[in-house]
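Colleague: Shown below is the structure under consideration.
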Amino acid sequence: MQGFDAEFTDLPDYILKITERIWEGRQVGAIRRYYDEHCIVRTPMALLSGAEAMVSGTLATLHQFPDRRLLGEDVIWSGDEARGFYSSHRIVSPMHHLGDGAFGPATGRFVMVRAIADCAVKDNRVYEEWLVRDQAAIVRQTGQDPRTFAAAQVASEIAEGGTPGVFLPEHDAPGRYQPTEAHLDEALAYAGMLQEVIEHKALGRLREHYEEAVAVEVPGGECVHGKAALDAFWLGYLAAFPDVRFTLEHLIGRNDPGRGVRVAARWSLRGRHAGHGAFGTPSGADVYVMGISHAEFANGRVLREWVLVDELAIWRQIALARG
C-alpha cells in the first residue's frame, strides 16, 4: 500500500497487525507511530485528542485487564491510498479483571467484551477514530448493576469536585475525514431500515429485512435470536426515548469473494428519556447515543448482526439528570 510500511498487504492487515502489536505485543509506545499526534478519538464517554491520550488510556486498561486479548472478528473497510481508508474493526476481548481502576476494585472475574473501532487512516497513521465498547457488559460481568454503578460513579466524581460528563455532539472537535457514499444496495437498504424502525417506529420493517433465525449481539453482552427478540430489544429503546432522532453518520458495504455481503453503519440517537422502557423510570434526560452496527447478509436479508452501544454512558446521562 502506497504510504504504508511494506509489511502491510492491505488495510485489514494493517488494522489487525497494529492492534495486536500495541495490545497483546505490549508495544504501547507504538501508538505514537501508528496514531497521528493530533488524532481525534471519540468514545461515548469522552473526546480524546492526541496519541498521548491514547497511550495513557491503553495503559490504564491494561492495568485493570493485563491478560486482555483483542480477537479481530472482522474489518469492514472502504477507501484507497489516494483518498485514505476507513475501517470498521469488530473486536471481542476475553480477559480477567485483575487490577483496580475505573471498574472498581479487582474482582478476578473473567470478562468477555466486544468493541467496534471506526478509524480514518492515511499514510500509515490513524488520524480520526470512533470507538464504542460495551462497558455495561464489563460492569455486569464484574458482578455490578450498570444503573447503580453509573449513579455511584457520577456521585463520586461530583463529591471529588469533578464535572461528570459524557461525549455529546456539542463537545466535538472538527475532523479531517470526509465520508464517501456507499452504493451497495444492501447497505443503503439496511441504513434506510434502521431509520424507519428507530425514527418512524416502523417495527414491521424488521420482518422484511431479517432472516427468521437471525442472531443479534446486543448491548450488555447478550445475544438474542429471532425477529421477536429483536423486536423486543428495539421496543425497549423506543419506549424509553419516544421522540428519538436517528442520524446516519457513516456507511460501508462490501461484497468480498467468499464472504458475502457485510455492512458497517455508524449512527447516533438523540432523544429525551420520557418513557418506561429499557432504562427504567423516565428521568427527562436529554440523551445522546453513539452506535455502530455490523450486519452479515444471506439471501438479501440480515442473518447476523452486532449492535454496539455503551449503555453505561446512557445510564450516566440519566444519573446526571436525576441530580
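Colleague: Give the residue, chosen from Val307, Val287, that is under 17 Å from Phe233 (Cα atoms), at pLDDT 95 or above and buried (at least 18 other Cβ atoms within 10 Å of the Cβ).
Modeller: Going through Val307, Val287 in turn, the sole match is Val307.
Colleague: Working only within the stretch 99-123, note down all residues that are surrounded by fewer than 16 Cβ atoms within 10 Å (Cβ to Cβ) and under 21 Å from Ser56 (Cα atoms).
Modeller: Gly99, Asp100, Gly101, Ala102, Pro105
Colleague: Quick one: which residue in Asp100, Asp5, Asp67, Asp80 is more than 19 Å from the chain's Cα centre (by Cα) and touching a residue at least 60 places away in the same chain (Cβ under 8 Å)?
Modeller: Answer to the check: Asp5.
Colleague: Which is aliphatic (A, V, I, L, M) and modelled with pLDDT of 95 or more, of Val197, Val166?
Modeller: Only one candidate passes the filter, namely Val197.
Colleague: Pairs needed: first member in the stretch 149-178, over 21 Å from Val132 (Cβ atoms); second member anywhere, at pLDDT 90 or above; C-beta distance under 7 Å; at least 6 residues apart or different chains.
Modeller: Cβ pairs passing all conditions: Ala151/Ala319.
Colleague: Between a residue in the stretch 296-323 that is touching a residue at least 40 places away in the same chain (Cβ under 8 Å) and any residue that is of a type in the set (Asp, Glu) and buried (at least 23 other Cβ atoms within 10 Å of the Cβ), which pairs come within a Cβ distance under 9 Å, given they are 6 or more apart or on different chains?
Modeller: Correct list of pairs: Leu308/Asp134; Val309/Asp134; Asp310/Asp134; Glu311/Asp134; Leu312/Asp134.
Colleague: Only one of these conditions is not met by Phe65: (1) closer than 17 Å to Thr142 by Cα; (2) open to solvent by 20 Å² or more (accessible area, probe 1.4 Å). Which number is it?
Modeller: Going through (1) closer than 17 Å to Thr142 by Cα; (2) open to solvent by 20 Å² or more (accessible area, probe 1.4 Å) one by one, Phe65 breaks only (2).
Colleague: Output the qualifying pairs, or none if there are none: Cβ atoms under 9 angstrom, residues six or more apart or on different chains, first residue in the stretch 236-249 and among the small types (Gly, Ala, Ser), second residue surrounded by 15 or more Cβ atoms within 10 Å (Cβ to Cβ) and in a helix (DSSP H, G or I).
Modeller: Qualifying pairs under 9 Å: Ala240/Ile314.
Colleague: I'm trying to understand the selection: among the residues of the stretch 21-52, which are more than 19 Å from the chain's Cα centre (by Cα) and open to solvent by 70 Å² or more (accessible area, probe 1.4 Å)?
Modeller: Arg26, Gln27, Arg32, Arg33, Glu37, His38, Glu52
Colleague: Among the residues of the stretch 158-171, is there at least one that is open to solvent by less than 60 Å² (accessible area, probe 1.4 Å) and among the polar types (S, T, N, Q)?
Modeller: no
Colleague: Here's something else I'd like to know. Taking the stretch 177-191 as the region of interest, how many residues are surrounded by 13 or more Cβ atoms within 10 Å (Cβ to Cβ) and either over 24 Å from Ala240 (Cβ atoms) or more than 20 Å from the chain's Cα centre (by Cα) (or both)?
Modeller: Total meeting the criteria: 9.
Colleague: Same structure again: Within the stretch 234-266, take every residue that is outside any strand (DSSP E or B) and either under 18 Å from His209 (Cβ atoms) or hydrophobic (A, V, I, L, M, F, W, C) (or both) and give me the one that is most open to solvent (accessible area, probe 1.4 Å).
Modeller: Leu235
Colleague: Looking only at the stretch 124-155, which residues are within 20 Å of Pro12 (Cα to Cα), among the aliphatic types (A, V, I, L, M) and open to solvent by less than 20 Å² (accessible area, probe 1.4 Å)?
Modeller: Val126, Val132
Colleague: While we're on this one: For the stretch 204-233, which positions are farther than 28 Å from Ile91 by Cβ and either open to solvent by less than 30 Å² (accessible area, probe 1.4 Å) or assigned to a loop (DSSP other than H, G, I, E, B) (or both)?
Modeller: Gly204
The values are calculated or read from the model by the stated rules, or taken from the named source; none is laboratory data. From a predicted model like this one, the values you see are computed outputs, not experimental measurements. All Cβ positions, even for glycine, are placed from backbone atoms using ideal geometry, and neighbour counts span all protein chains on display. For accessibility, only protein heavy atoms count, side chains too; no ligands or nucleic acids. Shrake-Rupley method; radii C 1.70, N 1.55, O 1.52, S 1.80 Å.
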